[in-house]
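Notes to accompany the following structure.
The values are calculated or read from the model by the stated rules, or taken from the named source; none is laboratory data. Bear in mind that the values here come from a model prediction, so they are computed numbers and not experimental data. Here the Cβ is made from the backbone with ideal geometry for all residues, glycine too, and neighbour counts use every protein chain on show. The area values use the complete protein model at the heavy-atom level, side chains included, leaving out ligands, DNA and RNA. Shrake-Rupley method; radii C 1.70, N 1.55, O 1.52, S 1.80 Å.
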Amino acid sequence: MYILKRIMVALDLTDMDDTLIRYAAFISTQSTIEKVIFIHTEKSLEIPAELMEGMEREVVPTESSIRTLIQEKVMTYFRELPGLEVEVQVMEGGPVKEMLKLSKREQVNLLLVGRKLHLRGSGVLPQKLLRTGKVSVLFVPENNEPKLSKAVVATDFSEYSLMALDRMLHSAINRPSMAIECLHVYEVPSGYITLGESYKSFDIRMQGFANEKFEQVLQKFPELQDRASLRLVKQEYNDDLGEVIVLEAKRSKADLLVIGAKGKSTAALFIVGSVTEKILRYDDNIPLLVFRDENEEVGFLDALLDA
């Protein structure tokens, strides 16, 4: 069983940090969380000597001053969680590589990163993590207020979408009172015409198929019986699947959007265009939880991180 025990939070010393620390504290109130690691990375922690000339006061090493700054902010939200192990790491190097190396070493289950819209910063980190990481990622929009009354789980009834549902139900993200909507976006294939059926009748057939699959999901996860529902949305020919999923999650007033992402092959590691990336492109105000299978083999990535 997947149990969320260790989470890591990526900080960049902007106002985004308050949102991330607050959200981390919110989900850490669940008893399964044992350790929270806060990480900040800089390409270089050294201040050029010429910039130090003429300064009268003693200069505290950059790493120590950053760590103290983060610790003070963290304690604002974590002071009431004394039984939780909290660690602050300030590291030198590329942010993606250092985060993924540390998450592998610490056996982190979930990585929290910010989703910036207006705040300072490039906002390219989420895309890089999606392309190269095996750890599950929770993207939290700026200024988000933690709330988990309703979650929308995008499902195509594949093993990856069922994995996402299973992990959410058995992790600290889950709340007993949280309503869960399984969103299934389907498309009527053009080949229906060769079967001698009308568009409408084949559309009804596909809806019936989805309802049967959902009944199988309820049998697999009995705890969903009283709080889960299925929402069917038809994707028209020119619709972008990522945009449709985000739009329907907004219409449902979701507090969380959950998806299961299939890992990419070595040859396709850096190709843009996955449904997950498209969802992230359109999602500007709903926390997005992307579950990955950390046991998937991505040999090139492992070699890169171990280098």
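Within the span defined as segment 168-176, one or more residues are modelled with pLDDT under 90, touching a strand residue (DSSP E or B) at 6+ places or on another chain (Cβ under 6 Å) and not small (Gly, Ala, Ser). Scanning segment 234-277 for residues that are modelled with pLDDT of 85 or more and either assigned to a helix (DSSP H, G or I) or open to solvent by less than 20 Å² (accessible area, probe 1.4 Å) (or both) yields a count of 17.
Cys182 satisfies every condition listed in (1) in a helix (DSSP H, G or I); (2) touching a Phe, Trp or Tyr at 6+ places or on another chain (Cβ under 7 Å) except (1).
Checking each residue of segment 42-55 against the condition of being surrounded by 12 or more Cβ atoms within 10 Å (Cβ to Cβ), assigned to a strand (DSSP E or B) and modelled with pLDDT under 90 gives at least one match. Within segment 6-16, the set of residues being touching a residue at least 60 places away in the same chain (Cβ under 8 Å) and either of a type in the set (Ser, Thr, Tyr) or closer than 18 Å to Leu117 by Cα (or both) comprises Ala10, Asp12, Thr14, Asp15, Met16. Can you pull out every residue in segment 194-219 that is open to solvent by less than 60 Å² (accessible area, probe 1.4 Å) and not in a loop (DSSP other than H, G, I, E, B)? Within segment 194-219, Ser201, Phe202, Asp203, Met206, Gly208, Ala210, Phe214, Val217, Leu218 qualify. Among the residues of segment 140-164, those identified as more than 16 Å from Lys116 (Cα to Cα) and either touching a Ser or Thr at 6+ places or on another chain (Cβ under 8 Å) or of a type in the set (A, V, I, L, M) (or both) are Leu148, Ser149, Lys150, Ala151, Val152, Val153, Ala154, Thr155, Ser161, Leu162, Met163, Ala164. Residues that are of a type in the set (Val, Ile, Thr) and out of contact with any strand residue (DSSP E or B) (no Cβ under 6 Å at 6 or more places or on another chain) were ranked within segment 20-41; the one that is farthest from Lys134 (Cα to Cα) is Thr29. Per the listing Val96, Val74, the residue uniquely open to solvent by less than 40 Å² (accessible area, probe 1.4 Å) and touching a residue at least 40 places away in the same chain (Cβ under 8 Å) is Val74. The residue list His170, His184 contains one member that is surrounded by fewer than 19 Cβ atoms within 10 Å (Cβ to Cβ) and within 26 Å of Asp293 (Cβ to Cβ), which is His170. The numbered conditions (1) assigned to a loop (DSSP other than H, G, I, E, B); (2) touching a Leu at 6+ places or on another chain (Cβ under 7 Å) are all true for Arg231 except (1).
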